[in-house]
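The values are calculated or read from the model by the stated rules, or taken from the named source; none is laboratory data. Values in this document were obtained by computation on a predicted structure and should not be read as measured data. A quick note on method: Cβ atoms are made from the backbone with ideal geometry, for glycine too, and the neighbour counts reach across all protein chains shown. SASA here: full protein model, heavy atoms, side chains in, ligands and nucleic acids out. Shrake-Rupley method; radii C 1.70, N 1.55, O 1.52, S 1.80 Å.
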Amino acid sequence: MKRAPTHSYPGINLGERHASAHKATEVVTFGFWVFLMSDLVYFGLMFATYITMIDAQAGGPGPHELFDLKSVFAQTLILLTSSLTVGLAMLALKYNLPRGRIVLWFGVTLLLGISFLVLEVRDFMAMAEKGGIPQRSGFLSAFFGLVPLHGVHVAAGCLWLIVLGIQLRVKGMTDVVISRVVRLALFWHFLDLIWIGIITIVYFGGLTYG
């Protein structure tokens, strides 16, 4: 078996068990990292907007009236657990376990992602009932420009999980499918990192400043 290069790109390296997939994944994974960094720049702009608008509440409800930290804590646990399940799926891939194991962990990740979205939408609805709608103030416009943007990414990741799970069942462990699994894992971990920024800057920072 042809020996695969080691640590040739950031992220999990597939190693000798998937030598051809490792080589095929290298270039596209680098390109995907470029995409993630461009997405990070956009999120950075949204974070900066939120920070500058936190005091622009125009007499409307602020963080103390709107934020439910118990729900945020639950969402955080769910999303961090989903990062663990994605990691377990990647370990199953790396060590050439049956593809059903990968599909299983992706299924758990999907359920966790949907649970996160349900809680987040519920929070948005509760905020709206208290007058916390985007057009109410600059603070709320910035909030709804940032936090739901992350939610849209999670929804896209859930859709990706569904499509990739079907491809794993139908096509099997081809090099192309393996490459997509690697990129999905990177995308999901990226979303977790963004969420850490959200709970730190938006929720905890908002309550401290507000």
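Per 0.36 nm of contour for each residue apart, how much would the distance between Ala74 and Val163 grow if the chain were fully extended, relative to their Cα-Cα spacing?
29.4 nm is the gain from fully extending Ala74 to Val163.
Take each of the peptides 96-109, 166-179, average the number of other beta-carbon atoms within 10 Å over its residues, and list them starting from the highest.
Highest mean packing first, the order is 96-109, 166-179.
Between Val41 and Thr174, what is the spin-label point distance in nm, taking each point 7 Å from the Cα along the Cα→C-beta axis?
It works out to 3.4 nm between the two label points.
Show me, bin by bin at 5 Å from 0, the whole-percent P(r) of the chain based on Cα pairs.
Reading upward from the zero bin: 1, 7, 15, 17, 17, 13, 10, 8, 6, 4, 2, 1, 0, 0.
Along the charge dipole of the chain, which of Gly132, Thr109, Ala56 sits closest to the positive end, that is, farthest toward it, with unit charges on the beta carbon of Lys, Arg, Asp and Glu (+1, +1, -1, -1)?
Thr109
With a 1.4 Å probe and every protein chain kept in, tell me what percent of the accessible surface of the stretch 64-125 is carbon plus sulfur.
Exposed carbon and sulfur together represent 72 percent of the surface.
Taking the Cα centre of the chain as the origin, how large is its charge dipole in debye, to the nearest 20, when only Lys and Arg (+1) and Asp and Glu (-1) carry charge on their Cβ atoms?
Around 1020 debye, computed over the chain.
What 222 nm value per residue comes from the helices of the chain, counting each DSSP H run with n ≥ 4 as -39,500 (n - 2.57) and dividing by all residues, nearest 500 deg cm²/dmol?
-26500 deg cm²/dmol
Measure nothing fancy, just the Cα-based angle from helix 175-197's long axis to the longest principal axis of the chain, in degrees from 0 to 90, nearest 10.
Helix 175-197 sits roughly 30 degrees off the main axis of the chain.
What percent do you get for the relative contact order of the chain when only Cα pairs under 8 Å and 6+ apart count?
This gives 31 percent for the chain.
Roughly how many Å² is the accessible area per residue of the chain, as a whole number, for a 1.4 Å probe? Mind showing how you got there, number by number?
On the way: 10330 Å² over 210 residues.
With the other protein chains kept in place, the chain gives 49 Å² per residue.
Roughly what angle does helix 99-129 make with the longest principal axis of the chain, taking Cα atoms, 0 to 90 degrees, to the nearest 10?
Around 10 degrees separate the two axes.
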